Ligand SMILES: *Cc1c(COP(=O)(O)O)cnc(C)c1O
């Protein structure tokens, strides 16, 4: 199945530095919170949270990781040639709009797939009829996320029907918490109780052949009794708590630092304006510099006149509106500025004024969105 249109295009001047040891340290720290037998599923959907899925999988494939989780079949297909030891779990449930050929490809590749409806079960069974590869499936149980899980009653019917589906093998049962990243996690515990009830009613916990999983990053950190036999960590692996935390149980280190060059330095006289809409008016004679990065590269327009970047050990303000592929910074206070100097656009430090948390706050969003916006054409440099 062909999923590439052309060879990937990259921008060597936009550099996302990835620090392998930090990624591995974060995984080790997360595993350290779990029982030694608990499996670790590395969530690498959305281009590994903007970090670069190929690079991240290549770093982790020889590391302490048992599974990779992706959102879609296409991502699974994309990383399959890189992965040898681990299994790949596709989080999007099987649905009848998927070509039968795709389901057969999943079975042939050994992907683990999710079932979240009877319709999906019937479709998968039909697609695999007459073939010789058994598809491992995980049931997504709705306990309160209100997304694509299936109500426990429907799941009970599915479990019965599954017994007559010889081409499908029950490999796992899971759920997903809606509020594990919030201060008040009482609803997450309620979901855990519902999940536990389902597992007990169907005696699923006694089955050593099953992977039972419920924890994302926040729940892995905060809800040890919910670890079961596998945890699914995304954001924490990349070095972030789902939201800024003052007393984290483990130390996570940001894996990525994004840099770009200064490409033009120019003088702007007091009283002149900068950029679209003239949203910045120079109060003083200003030395400005262009950075060839904009909202099309994942640097949000909401950062206009608000964000800062780092040049050496100084922070320089973004002035005027962020354009599609360039923006302007004020370098008046920096001695000896030169074109070609690299500025840090996204810092690898939780406290930094241009760290991911600070940027998320400026754009009124969460750290996940800041990271996943980083365009695939940014050059990934692995250290
Ligand atoms: C994305 C996702 C995760 C990972 O969530 P983090 O908060 O990034 O750890 C885990 N489980 C499911 C089902 C997901 O969709």
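A few comments on the model shown:
- For the chain, the longest principal axis of the C-alpha atoms and the axis of helix 118-128 are separated by about 80°.
- Taking every alpha-carbon pair under 8 Å whose residues sit at least 6 apart, the chain reaches a relative contact order of 19 percent.
- Helix axis angle, 100-109 relative to the chain longest principal axis, alpha carbon, degrees: 90
- To the nearest ten degrees, helix 186-201 and the longest principal axis of the Cα atoms of the chain are 20 degrees apart.
- For region 20-238: rounded, prolate or oblate by the Cα gyration tensor [a/c cutoff 1.5]: oblate
- In percent, rounded to a whole number, the relative contact order of region 256-382 is 27, using alpha-carbon pairs under 8 Å and six or more apart.
- Residue with peak Gaussian network fluctuation, the chain [Cα springs, cutoff 10 Å], from 224, 248, 335: 335
- Among 47-56, 279-288, 109-118, the peptide with the highest mean count of other Cβ atoms within 10 Å heads the list, and the full ranking is 47-56, 109-118, 279-288.
- Calculated FRET efficiency for the pair residue 5/residue 342, C-beta based, R₀ 35 Å, to 0.05: 0.65
- Length released on extending from residue 100 to residue 365, taking residue separation times 0.36 nm less the Cα-Cα span: 91.6 nm
- Normalised contact order of region 231-298, rounded percent, pairs of Cα under 8 Å and 6 or more residues apart: 26
Laboratory data are not the source of any read-out in this text; all were calculated from the coordinates shown. Keep in mind that what you see is a predicted model, and the values were worked out from it rather than measured. We place every Cβ from the backbone using ideal geometry, glycine too, and count neighbours over all the protein chains shown.
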